[in-house]
Amino acid sequence: MNTERRRFPRFSIVAHAVVIDVASEMKVSARVSELSINGCYMDMINPLPFDTVVQVEITHEGKVFRSGGKVIYSHPNMGMGILFAGVTPENRAIVEEWTRKAGT
């Protein structure tokens, strides 16, 4: 039985990220290990709590993707899942390019 609930496939990727907790303005670095059109998984020792509203900046292949988002799950000592929000068409094109390349 397939229990996959994601609307878009995730792809393995290695990219640098900076995440800002909007409420506290705390900025943390992370590594993106999985990416989809509507979110990503970030590896980090001290992930932010569930439901935290964030600003995300991901750098990969000389391009920078920026988006708002929200923590949709958090795994202590491992990382967190981010759902992107308010993605501009320009930033959507960047993430689409990265996922297309990662899928080949």
Is it fair to say ALA23 is in a strand (DSSP E or B) and modelled with pLDDT of 95 or more? no
Region 26-73, residues that are without any contact (Cβ under 8 Å) to a residue 60 or more places away in the chain, of a type in the set (S, T, N, Q), open to solvent by less than 70 Å² (accessible area, probe 1.4 Å) and outside any loop (DSSP other than H, G, I, E, B): SER33, THR59, SER67
Any idea which of (1) open to solvent by 40 Å² or more (accessible area, probe 1.4 Å); (2) not in a helix (DSSP H, G or I) is the one ARG92 doesn't satisfy? (2)
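The values are calculated or read from the model by the stated rules, or taken from the named source; none is laboratory data. Predicted model, so just to flag it, every value in this text is computed and none were measured. Every residue, glycine among them, receives a Cβ derived from its backbone with ideal geometry; neighbour counts consider all protein chains shown. Keep in mind that these areas ignore ligands, DNA and RNA; they rest on the heavy atoms of the full protein, side chains included. Shrake-Rupley method; radii C 1.70, N 1.55, O 1.52, S 1.80 Å.
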